[in-house]
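These notes concern the structure reproduced below.
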Amino acid sequence: MPEEPKDLMARRIARWMMDQVEERGGLYQDRAVREIIREFGLEWSYVNANGNRAIDKRILAAFLEISEQVVIWNRGARAWRKRRSHHRAGRLQD
């Protein structure tokens, strides 16, 4: 069976992230990284400048494309959450 192209796999993982937000109302970044590594492999993460595991940028770009209007990033909680009526415009929320 041929391997799935990287861009398609990144979109598949982004869809998984969106499903998590929709089902649970939110997704913490640290949990997302752990589950992506477990379900899809270490190759879909990298070590960032702070020495922490982070989500591959291809996944984050694909996730932004499918979630920009319906998901916010809560910086303090380091989590994506469903957008609610009380949220300000824009992705980044405190």
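Annotations
- Relative contact order computed over the chain (Cα-Cα under 8 Å; 6+ residues apart), in percent: 29
- Whole-Hz couplings from phi, Karplus 6.51/-1.76/1.60, listed for the stretch 75-84; x for Gly and Pro: 4, x, 7, 6, 8, 8, 9, 4, 5, 10
- The gain in end-to-end length when the residue 87 to residue 42 segment is fully stretched comes to 12.8 nm, 0.36 nm per residue minus the alpha carbon separation.
- On Cα atoms only, tilt of 57-67 relative to the major axis of the chain in degrees: 40
- With Cα atoms, 0 to 90° folded angle of helix 29-40 axis to the chain main axis: 30
- Shape analysis of the chain yields a ratio of the Cα radius of gyration to the Kirkwood radius, Rg/Rh, of 0.98.
- Legend: ranking of residues 21, 33 from fewest to most surrounding C-beta atoms inside 10 Å; resulting order 33, 21.
- Label-point gap, in nm, between residue 28 and residue 68 - each point 7 angstrom along Cα→Cβ: 2.9
- Burial ranking of peptide ranges 69-79, 9-19, 40-50 (average Cβ count within 10 Å, highest at the top): 9-19, 69-79, 40-50
FYI, it's all coordinate maths here, none of it is from the lab. What you see is a predicted model, and the numbers here were worked out from it, not measured in a lab. Positions of Cβ are generated from backbone atoms using ideal geometry, with glycine treated the same way; all protein chains shown enter the neighbour counts.
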